[in-house]
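Heads up, the thing below is written out as C-alpha cells.
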Amino acid sequence: MITGATVFLVVCIVAVVGYMAAGWELADSIYMVIITIFGVGYGEVQPIQSNALRALTIAVIISGYAAVIYTVGGFMQLLIDGELNKALGARRMTKGIGRLSGHTIVCGIGRLGTILAKELSAAGKPFVAIDSDMQKLQGLEELGYLVIHGDATNEEILEQAGIERAATLATVLSQDTANVFVTITAREMNPNLVIIARGASPRTEKKLLGCGASKVVLPAAIGAQKMAQLIVRPNAEDLLENLRQQTTFIQDLDILGLEFHELRIESNSTIAGTALSQIESDNAQAFLAVGIKSPDGSCKLNPSADTVLQVGDTIIFLGHGDCFPKLIKRLSAASPDLIYRGIRSKK
C-alpha cells in the first residue's frame, strides 16, 4: 500500500511538471492530471496536439491506473486476509474449546495470569484464557493456547469458555471488585465449580469466600511469607530454591525421592473408626500423614496420632514412592473398598 501510494504521488508530480513544461498553468496541469488518471472524461483543458503531450498523457493514464489498482488491491488483500485469518482463528478456538471437559478457565492475563497459564501448560492441564485486552492474548495465542477475547464477568463469554464442563476457574484480575463479580457469575452458572480467586487485599478474602470462591490466594501475603522464610530459615529456603530453579515443586519432591499420595476411606472400609496411630505403627517409616480432609471440606494439617479416621475422610500421605504400592496393598487387604489417588482399588 505504501509503495503504491508513493508511485501514484510520483506519477502525479511528474505529470504536472510535464504539462507545465509545455506552457500550461499550474492549476490547469493539476486538473488535467486528475481527470486523466480517474477517467472522468471532461475533455482536455487545452488542445493536445504535440506527440510529446500525447505520450505524456498516455503514460499518465497507464502508470496512474496501475498505481491506483496496486494500492487498492493491497488494501483489499489486507482486509480479506485479516478477516479470513480472524474467522479461521475464531473457528479453531471454538472447536478446540468445545472439545474440552474438566478444564480450567483463567480469567485475567496479567503478570500472574500469564505465569499461571504457562504453569498449566507445562503440567499438561487444559485451560482457556479470558481477557478483555487483545494484546495480552496475542502472546498466548502465538503459543497455541486457547483464548477468548471478552469480559470475564459476562455470562456469554463464560459460556464460550465451557464453564458448564469446566472443573476449575481461576480469576486473577488485578481488581478485587472484578474478581468478586466473576466469582458470583461463575458460581451461579456452575455450582460444582472449584473457584480460586485472587485477592489484592486481605479484607477481600471473606467477601470472595462469601460470594462462592472455594479458595482465595493473596499474592502479597504469600510474598511476605516467602521473605520471612528467607530471613528465619535461609539455608532451607536456599536448598528449595536451588531445586526449584531446575524444576517444579512436585518434581522437587521427586528429586528427594518423595511423593504425595491420597487415600479415601469408604463406607465399608474396615479401617474406619481406627486411630491414625494404628495405621502408622503397622506401616512404620513407610509414610507420613501430613493431613486429613473431612467430607465437609475442612482439612486438618499434621494430624495427631490419636485422630480417629472416619468414613469419607481423605488421608494425604508424604513418603517414598516405592513404599506406597505395598502400603495400599496392605490396607486393601483389610479394606475391600479404598480409593487411592482417585482410582478405586479392589481386592
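Values in this text are rule-based calculations from the coordinates and carry no lab data. Fair warning: this is a prediction, and the values are worked out from it, not measured in the lab. So basically every Cβ, Gly included, is an ideal-geometry build from the backbone, and we count neighbours across all protein chains shown.
Amide H contacts under 5 Å for VAL128: THR104, ILE105, VAL106, restricted to partners 5 or more places along the chain or on a different chain, H placed in the peptide plane at 1.01 Å from N. Excluding TYR31 itself, what net charge comes from residues whose Cβ is under 13 Å from its Cβ, given Lys and Arg +1 and Asp and Glu -1? So the environment of TYR31 carries a net charge of -3.
Close amide-amide hydrogen proximity is noted between VAL217 and ALA197, ARG198, GLY199, each under 5 Å apart and 5 or more residues distant or on a separate chain (H modeled in the peptide plane; Pro and chain starts excluded). Cross-link pairs exceeding 21 Å in C-alpha to C-alpha distance, out of LYS125/LYS226; LYS125/LYS215; LYS95/LYS215; LYS215/LYS293, comprise LYS125/LYS226; LYS95/LYS215. Taking label points 7 Å from Cα along the Cα-to-Cβ direction, ALA122 and ILE231 give a separation of 2.8 nm.
In sequence order, the range 273-279 has phi-based couplings of x, 8, 6, 4, 4, 5, 5 Hz under the Karplus curve 6.51 cos²θ - 1.76 cosθ + 1.60, θ = phi - 60°, and Gly or Pro positions carry x. Across the range 166-181, computed HN-Hα scalar couplings (Karplus, 6.51 cos²θ - 1.76 cosθ + 1.60, θ = phi - 60°) run 6, 9, 9, 10, 10, 9, 10, 5, 6, 9, 5, 4, 5, 5, 5, 5 Hz from first to last residue, x flagging Gly and Pro. Efficiency by 1/(1 + (r/R0)^6): what FRET value for ALA220 and ALA272, r their Cβ-Cβ distance, R0 = 41 Å, to the nearest 0.05? For R0 = 41 Å, the calculated efficiency reads 0.50. Couplings 3J(HN,Hα) of the range 206-222, computed from phi: 5, 5, 5, 5, x, 7, x, 5, 7, 9, 10, 10, 10, x, 5, 5, 5 Hz, in residue order, whole Hz [Karplus 6.51 cos²θ - 1.76 cosθ + 1.60, θ = phi - 60°; x for Gly and Pro].
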